[in-house]
Structures are given as structure tokens and as C-alpha cells.
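Heads up, the thing below is written out as C-alpha cells.
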Amino acid sequence: MFIPGSILRSTISRQVLVAALFATWMVFRVSGAEGKSEQTQKLIAVLRSDAGLFEKARACQQLGEFGSKAAVPALAALLSDEHLNAYARSGLEGIPDPSAAAALRAALGTLKGNQLAGVINSLGVLRDTPAVKLLQPLAANPESGAANEALLALGRIGNDAAIRIVRETLDRGVEIIRPGAASACLLAAERQLADGHARTARRLY
């Protein structure tokens, strides 16, 4: 089959252009990844330095935007900080690596008060299913100081195990925590409805 020279040259030109664009994209991708890795290390250094509150808070936020697994230990170390815990949690919430949620789960056994409540909220935001078993005793015990937060987190997670805990608490839990269980039921119903499980959502409502 005869292909005119002009068509052949045009086809080759397009192929060369596509190859050149792909090569350029790969260069930018690699250099971008290297740049983010270098920037991540600089931000980690800020968190571990004597920098001011504003600088550290901003570093936490930026690590949540493009940080990697490498940033998790530095952020986790700030979960007990009176002033930076919320920023550290925000940073961990933004890192997709499983180690970020694992760090939040590990902190459940070491924190109290507002810091504990904040970590529980973050696990709910992440819909972290491995946290369900850890949240159950906190949700059932008004003396934990975070029963309401634990119930709401279970409602946000909204899997079968979490829903079972919430419903049992609503049915048989002590009176003081039942309003939290009711709110958690509504959160779980919204999640089930969004996931296309209308029948389960109706039962929860």
C-alpha cells in the first residue's frame, strides 16, 4: 500500500511530538517527586527544631498537603502538644499512607482530654475501620471522657461492626451516653445512604 510522503512525515512528526511530550512529563514528574521529598525533609526539620508556633503549625499543614510516610513520626510526636495537636492531626489526616492512621490509633492509649478527643475525631474523619475495636471501650464508658466523640467516630466509620456497637449502646447503654449514640446512628445512616444502602439507612433512621 502506497502512503504519500506528506502523510508519512505528518504521522512521524506526531509520534515524535508525543514521545517528546511524554519524556518531558516524566522528567517533571520525577523532579517534582524529588522536590517534594526534599521539601518534606525541610518541613520535618522545622517540626523538630526550636522554630516558633506559627512556623510549626504551617509545616504541619504543608505536610498534610504533600507529605509522605516519612513525615508521620514527626507529626505523631506533636499529638500530645497543647498548641500543635490539632495541626498535627490535620497533617496526618492528609497523608494517605496507612502509617498515618496507625499513628493516630497508637495515640489513643497515651492521650487524655482534648488531645484524646481530637485523635478520635480524626479517626472518624478517616473512617479508619481498624480503630473500631479500640473505640468500643471508650464509647461504652462515660468515665473515659471521650464517649461521645468515640460514638460519633463510630457513626462516621459506619461499617457493620461500628453500627452494631452504636445500636447496642443506644439500646442498652447508660442513659448519659445514649444521645451520643443516637447522633452516631444518624451519621451512620447518612453514610449508608451515600453508599447506596437505603434499607440499612432506613433502619438506622
**OP:** Given the conditions (1) under 26 Å from R48 (Cα atoms); (2) more than 10 Å from the chain's Cα centre (by Cα); (3) surrounded by 19 or more Cβ atoms within 10 Å (Cβ to Cβ); (4) polar (S, T, N, Q), report the number of the one that S122 does not fulfil.
**Re:** (2)
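So, A106, is that one free of Cβ contacts under 8 Å to residues at least 40 places away in the same chain and within 30 Å of T169 (Cβ to Cβ) or not? Lay out the reasoning, then the answer.
Details: free of Cβ contacts under 8 Å to residues at least 40 places away in the same chain: yes; within 30 Å of T169 (Cβ to Cβ): yes.
Considered against the rule, which asks whether it is free of Cβ contacts under 8 Å to residues at least 40 places away in the same chain and within 30 Å of T169 (Cβ to Cβ), A106 comes out as yes.
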**OP:** Tell me, yes or no, whether region 88-96 has at least one residue that is modelled with pLDDT under 95, out of contact with any Pro (no Cβ under 9 Å at 6 or more places or on another chain) and in a helix (DSSP H, G or I).
**Re:** no
Original post:
So which residues in region 82-106 are open to solvent by 10 Å² or more (accessible area, probe 1.4 Å) and either of a type in the set (S, T, Y) or closer than 18 Å to A146 by Cα (or both), if there are any at all?
Top reply: E82, N85, A86, Y87, R89, S90, S99, R105, A106
Subject >> Pair list, Cβ under 7 Å, 6 or more apart: region 34-57 residue closer than 22 Å to H83 by Cα and aromatic (F, W, Y), other residue open to solvent by 40 Å² or more (accessible area, probe 1.4 Å) and in a helix (DSSP H, G or I) >> reply: none
Original post:
Residues in region 47-73 that are crowded, with 22+ Cβ neighbours inside 10 Å and hydrophobic (A, V, I, L, M, F, W, C): how many?
Top reply: 6
**OP:** Return yes or no: is R156 more than 27 Å from T110 (Cβ to Cβ), free of Cβ contacts under 8 Å to residues at least 40 places away in the same chain and open to solvent by 40 Å² or more (accessible area, probe 1.4 Å)?
**Re:** no
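The values are calculated or read from the model by the stated rules, or taken from the named source; none is laboratory data. Keep in mind that this is a model prediction, so the values were computed, not measured. Neighbour counts run over all protein chains shown; Cβ positions are idealised from the backbone, glycine included. These area figures cover heavy atoms from the full protein model, side chains too; ligands, DNA and RNA do not enter into them. Shrake-Rupley method; radii C 1.70, N 1.55, O 1.52, S 1.80 Å.
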